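Following: one structure in structure tokens, then a few remarks.
Derivation of every value follows stated rules applied to the coordinates shown; laboratory data play no part. Source: prediction; values computed, not measured. Cβ: placed from backbone, ideal geometry, glycine included. Neighbour counts: every protein chain shown.
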Amino acid sequence: MLRLRNINVRNTLRNLCLTVRDGEFVLIIGANGSGKTTLFNVISGIIQPRSGEVSFKNQDITNIPQHRRTKWISTVLQDPRSSTVGEMTILENMILAYMRNSCRKVSRSTINYFREKLSILGMNLENRLGEYVKSLSGGQRQALSLVMATISDYELLLLDEITSALDPKNSDMIMEMTEKIIDIEKKACLLITHNVKHIKSFNARILEMNNGQLEEAQAVAALDP
């Protein structure tokens, strides 16, 4: 589905290659500054590589800008505030996500759909649609970001260190919800994480960023705790 061929970004990525199949779950690990977020920025269209090709479903999207890629690629960032609008209600945030790159109408059945999606979280957010997002905890807000990322017609989910701004308890909760949502959605997902505990808990393909390239990580059991 997604294929990167010989991607080069100055001082970061060097002839990087990556293939992600439909429905595949891939974890990407690596030291700080190794290029993991740069890779995501190339995939999402924020950064244009100096050379190489990005293709999606056999279509060359290397020069397609970010705003046009959002109809296929959905992203959740490190800071929950980056993916949600605090001065808007939960419902208004859901509508924004639902309407992304589309002219779909919002009806009573749509709102019921929102409630159904939110109920997966087990946080009672489906019954708090009128509350402002700024009133939510960091974990609740990041959980909302995850649901918002999956209510549009996306094909690929990018999760960039989505627990880095959370405490350990909320981090574990968000990762459990992430695994549950991925299992339900059955869409391709790329997840950047530093947390070895989370790495060991997922049934996923693990790649490590080294010297601007991706390679299959060594056995998970051998990773440092």
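Structure above, values below:
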{"item": "Cα-based shape type of region 1-115, given that a ≥ b ≥ c are square roots of the gyration tensor eigenvalues and the cut on a/c is 1.5", "result": "prolate"}
{"item": "Long-range amide H partners of Phe25 with built H, under 5 Å", "result": "Cys189, Arg205"}
{"item": "Lysines whose Cα lies under 23 Å from that of Lys117, excluding same-chain neighbours fewer than 8 positions away", "result": "Lys71, Lys105, Lys134, Lys169, Lys180, Lys186, Lys187"}
{"item": "Debye, to nearest 20: dipole size of the chain, +1 on Lys, Arg Cβ, -1 on Asp, Glu Cβ", "result": "620"}
{"item": "Stretchable slack from Arg14 to Asp153, in nm (0.36 nm times residue separation minus alpha-carbon distance)", "result": "46.8 nm"}
{"item": "Sites Asn112 and His194 - FRET efficiency at Förster radius 41 Å, r taken between beta-carbons, to 0.05", "result": "0.60"}
{"item": "Options Cys189, Gln213, Trp72, ranked by Cα towards positive dipole end of the chain, top entry (Cβ charges)", "result": "Trp72"}
{"item": "In degrees, nearest ten, helix 168-185 long axis to first principal axis of the chain (Cα)", "result": "90"}
{"item": "Point-charge dipole on Cβ atoms (K/R +1, D/E -1) for region 95-135, about Cα centre, debye to 20", "result": "180"}
